[in-house]
Each structure stands twice: as C-alpha cells, then as structure tokens.
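The values are calculated or read from the model by the stated rules, or taken from the named source; none is laboratory data. Predicted model, so just to flag it, every value in this text is computed and none were measured. Don't worry about glycine lacking a Cβ; one is built from the backbone with ideal geometry, like all the others, and counts go over all protein chains shown.
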Amino acid sequence: MEMKEYIESAEQSLLHTYNRFQIVLDRGEGVSLYDLDGKRYLDFCAGIAVFALGYHNKEYDDALKAQIDKLIHTSNYYYNVPAVEAARKLKAASGMDRVFFTNSGAEAIEGALKAARKYAYLKDGRTDHEIIAMEHSFHGRTMGALAVTGNPHYREAFEPLIGNIRFAKLNDFESVLAQVTDKTCAILLETIQGEGGIHPATRDFLTKLRALCDERDILLILDEIQCGMGRTGEMFAWQRYGIRPDIMACAKALGCGVPIGAFLLTEHVASHSLAAGDHGTTYGGNPLACAAASKVLDLFESCHIIEHVRLIAPYLEQRLDELVERFDFIKTRRGVGLLQGLVFDRPVAPIINHAVENGLLLINAGADVIRFVPPLVITKEHVDEMISILARCLEEEAPHK
Ligand SMILES: *Cc1c(COP(=O)(O)O)cnc(C)c1O
C-alpha cells in the first residue's frame, strides 16, 4: 500500500484522538526517521523525549532480541533477572531505595498517588487526604493522573475525577502554602514542566517545598517522566538542586521505546505505604521491558550520555538564542539541557507543520512554544542542520529584524 492509503485506512479504523502529521514512519537510524516513501526526517522529537539513544542502536537492539529468545513475560508472581538488574541500576542512578515498574508514565503517577495516600492513611486512619499539584502541569491521561493535571481543558469532560486535589502555582511558594491544610499528604510537581511550556522549577522553590514537606511530614513527589533520564545533564533533573524527593515517577526514555515506567520511593516511604496486595500489574516489570531499561542504563554509562548532554546542550542553547535575536516574533528561550522551548507571540502549529514538510520533526508544548527534545546523542552537525531548516521556515513566517 501507498502512504496515502495507509493514512486513509488509519482514519477509518483508529480512534480519532490525535490530529496526526500526514506521514507514515517506517524506520529509524541514529537521529533520522524515514517514511514509507523513503523521505528522511531529522528527529528533534524523539518519540516525545523517549528515544534518548537514537534509533537502531545495535547493542540495545541485540539485548532485546536476545531477551525475546529467552523470555518475554512471567507475571509478578515470580522473580526475573532483567527486573532485578534494572531495579538495581535505577536505584544506583537515582539514589532512591525501592522501585515499582509500570508500563507507562501515567501508571507511575497512579502508583505514586496511591503510595502517598496509603502513607497518610497509615498515620491517622483518615480517608480525606489532599494532594497539591501545580497549574499547567501534565501527569498523564488516566483518571488519577488527569486529576492532578493542571489543565482544566483536559479534565473537564471526565469529571468527577479523584477528589481532594488542590492546585498551586509553580515557583510561587506562597500559593502552595495557601493550599496546605492538615489533610495535605503530598505535593506533586514536574521538576521541569514539559507539556505546560517548558517551565523549570527554581532552586528556591524546590528547596522551600522540601523544607515544608519535612516539617509537616508531607511527601514530595517529583514527576521526572519527561525531564529525567539524562535530558538535563543530570540523570534526574532534581539532582542538580541538592534535594531528594520522597517518591519519583520515571518513564519515557527509561525504556528508549519499549513501554516501561517506574515509581521509586525512599526506604522510609516504601516501608510505611504500599504493602503486599496493595498494588499490582500484570505486565509491569516484565523481562522484555526490563531488559530494555537495564541495557539503556548500561549504555548511558558506557556511552557517557550525561557528559555528552552537558557538552552539546550549550551549543543548542546558543543556536536557539541566535534565533531569538534574529526573529521578533520569538519572545524567549526556556529550558535546561536538551529539554528546550522557544516561546512565540503566536501559535506555532503552522511553523511546525512547515518544518515537518521540510524534513524536520518538532513538537509544541502548549499553543505558542516549540519544544526541542532530541535524542540525547545528537551532534553539533545535527543542531546546525535543525537550525538551518527551522530558520528557513521562520524566514517564510516573517521577515527578520
Ligand atoms: C508523558 C508524560 C506523562 C505520561 O506518560 P505516559 O507514558 O504517556 O502515560 C506524565 N508526566 C509527564 C511529565 C510526561 O511528560
């Protein structure tokens, strides 16, 4: 079938929950993707911050193939080697103590919320605990994750969601304090808001939240699903702030394409929250997904991914800043490491569509921000190529200063 026919067939059979770009992707190599017609795209989307190692990494592919030949699924009634290995490596990389593997980011958030509620329940036996989340946050599409997502537009049609959620403003400590009550059991935020427009939490804000949580025995939950796994030049974004969360959610790049997420807890929270029978999953922690995560964590070390991000990110920032200088309609750049956003004074969808037509995959973060979440293995040449395609699209959008 031709690409056009596949798209028509998709429109007849898939539930229409996305307005997709009109291309059918077929294969990947490094930081390039190819559609069915063989057209190449430079990928600065990476499957939404997933494919950190680039496509067709031989060692990663071989590890998965070997695991397929051994064992794909066991259920959690038994132990399996890849899950043990992946948990050990993830603990070492994060400094957290206990791991629960899930199949997605949203499920990692669900588990984190359950752990927080159980922790509070064990303290006072009450069932009216509250969670504080941030406006403009994004935590996933399941009912619990949606309830803490600070975008009323995503939530409205699905009410009632889980109750007792209060919203505060990111980087406005007073707005958090105003929502704290004696029922507050957790404060949840993305260390760097992704979907919401690339807004990093400030050091001051996180430090104050940590102190507040310590003082009131409230759990600090950090969502590292998008900003974690090396993207900021630290394995996890919170590691540059000198604090540690009580619970952390991780997913996206953890499996580099194979669906896997995790929530991690400190020993204290783990031993005072979810116990046998409280939580479970059929697929979570299966050998295939864990073999992927385990290999990803190995490759982060052997390929010096973090060091590479620290080297290449300043160059991306510099080249993006040049665009801010050059084009009036770009207001500013925001971000950390290889999680960057260009903020426009207008909707960015037409610019992104234009870029895709010209062989560059980009995504937005809100209506007016172009988000840059490339594979972590990009080089200066890829950055230059991206900038030159994007600059051409911007030229056509409006004349330069
Ligand atoms: C993508 C994302 C999620 C949801 O992850 P899924 O795997 O799509 O369920 C949650 N939080 C953040 C910050 C994300 O970027």
### Summary
Within segment 137-183, of all residues that are of a type in the set (Lys, Arg) and touching a strand residue (DSSP E or B) at 6+ places or on another chain (Cβ under 6 Å), the one surrounded by the most Cβ atoms within 10 Å (Cβ to Cβ) is 166
### Query
(1) of a type outside the set (Lys, Arg); (2) away from the ligand (no atom under 16 Å from the Cβ); (3) in a helix (DSSP H, G or I); (4) under 20 Å from residue 140 (Cα atoms): which one isn't true of residue 253, the others all being true?
(2)
### Task
Could you figure out which of (1) aromatic (Phe, Trp, Tyr); (2) surrounded by 14 or more Cβ atoms within 10 Å (Cβ to Cβ); (3) not in a helix (DSSP H, G or I) isn't true of residue 60?
(3)
### Task
Take residue 145 and decide whether it is closer than 18 Å to residue 198 by Cα, within 22 Å of the chain's Cα centre (by Cα), of a type outside the set (S, T, N, Q) and within 16 Å of the ligand (Cβ to nearest atom).
no
### Query
Any idea which of 120, 186, 115 is assigned to a strand (DSSP E or B), of a type in the set (Gly, Ala, Ser), surrounded by 15 or more Cβ atoms within 10 Å (Cβ to Cβ) and in contact (Cβ under 8 Å) with a residue 60 or more places away in the chain?
186
### Task
Could you check how many residues of segment 320-341 are over 15 Å from residue 365 (Cβ atoms) and surrounded by fewer than 19 Cβ atoms within 10 Å (Cβ to Cβ)?
8
#### Entry: Lone unmet requirement of (1) within 16 Å of the ligand (Cβ to nearest atom); (2) part of a loop (DSSP other than H, G, I, E, B); (3) under 26 Å from residue 244 (Cα atoms) for residue 101
(2)
### Query
Is it the case that residue 133 is in contact with a Leu (Cβ under 9 Å, 6 or more places away or on another chain), assigned to a helix (DSSP H, G or I) and of a type outside the set (D, E, K, R)?
no
### Task
Would you please list the contacts, defined by Cβ atoms under 8 Å and residues six or more apart or on different chains, that run from a residue in segment 297-320 that is assigned by TED's automatic domain parsing to the domain that holds residue 380 to a residue that is among the polar types (S, T, N, Q) and modelled with pLDDT under 95?
none
### Message
Can you list residue pairs whose Cβ atoms sit under 7 Å apart, with the first residue in segment 211-227 being closer than 20 Å to residue 251 by Cα and within 11 Å of the ligand (Cβ to nearest atom) and the second being modelled with pLDDT of 95 or more and among the basic types (Lys, Arg)? Count only pairs 6 or more apart in sequence or on different chains.
### Response
225/252; 226/252
### Query
Of all residues in segment 9-23, how many are within 23 Å of residue 362 (Cβ to Cβ) and exposed (fewer than 10 other Cβ atoms within 10 Å of the Cβ)?
4
### Query
Is there a residue being out of contact with any strand residue (DSSP E or B) (no Cβ under 8 Å at 6 or more places or on another chain), within 16 Å of the ligand (Cβ to nearest atom) and not small (Gly, Ala, Ser) anywhere in segment 24-46?
no
### segment 189-204, residues that are without any contact (Cβ under 8 Å) to a residue 60 or more places away in the chain and either surrounded by fewer than 24 Cβ atoms within 10 Å (Cβ to Cβ) or more than 12 Å from the ligand (Cβ to nearest atom) (or both)
201, 202, 203, 204
### Message
Please pick out the residue among 37, 43 that is among the acidic types (Asp, Glu), modelled with pLDDT of 95 or more and surrounded by fewer than 14 Cβ atoms within 10 Å (Cβ to Cβ).
### Response
37
### Message
Exactly one condition in (1) in the same structural domain as residue 296 (by TED's automatic domain parsing); (2) farther than 23 Å from residue 285 by Cβ is false for residue 78; which is it?
### Response
(2)
### Query
Restricting the first residue to segment 144-167 and requiring it to be assigned by TED's automatic domain parsing to the domain that holds residue 189 and part of a helix (DSSP H, G or I), which pairs with a second residue that is of a type in the set (Lys, Arg) and surrounded by fewer than 19 Cβ atoms within 10 Å (Cβ to Cβ) meet a Cβ separation below 9 Å and a spacing of at least six or different chains?
144/114; 146/155; 147/155; 154/141
#### Entry: Output for segment 228-244, where each listed residue is within 15 Å of the ligand (Cβ to nearest atom) and either among the β-branched types (Val, Ile, Thr) or assigned to a helix (DSSP H, G or I) (or both)
232, 237, 238
